[in-house]
Amino acid sequence: MKRVFSSENTIDVWQIRNLLEVEGIDTVVKNADMSSAFGEVPFVETWPEVWVKDPADYEHALDIVDEYLYAEDDDRPDWRCSKCRERNDAAFAVCWNCQTPARTVPIAGSGSDPGSESAS
């Protein structure tokens, strides 16, 4: 196994894990519950980490992590999940509710209600 990402921000850790899993890369999240050790061990060692199980996936996983971390904000529209119909922010590559990969169906009007009709 190889570590591809670590952060004090648990949301980023789980988002990276979800992005990798959607791409078919088996992962493990380590240190997810290490916050209780904060103060007893160096703080960086308590941060959650994403590891890929197969070293052959390492380079591809790093590319996905880099794309997530360094992608430019390109004013993409919010989108509605094709499976559960939940509204998602443009930054999400997978649905926050059901983890279905984005098949972008833009939502008409950026501030529209999640129950509103999607654009065609």
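The values are calculated or read from the model by the stated rules, or taken from the named source; none is laboratory data. Please read these numbers as outputs of a predicted model, since none were measured by experiment. Quick reminder, even Gly has a Cβ in these numbers, built from the backbone with ideal geometry, and neighbours come from all protein chains shown.
For this structure, a couple of remarks:
- Qualifying positions in the stretch 44-57 - under 14 Å from PHE5 (Cβ atoms), part of a helix (DSSP H, G or I) and modelled with pLDDT under 95: VAL44
- GLN99 meets the conditions (1) modelled with pLDDT of 80 or more; (2) surrounded by 16 or more Cβ atoms within 10 Å (Cβ to Cβ) in every case but one. The failed one is (2).
- Summed over the stretch 13-38, the residues that are in contact with a helix residue (DSSP H, G or I) (Cβ under 9 Å, 6 or more places away or on another chain) and modelled with pLDDT under 90 give a count of 7.
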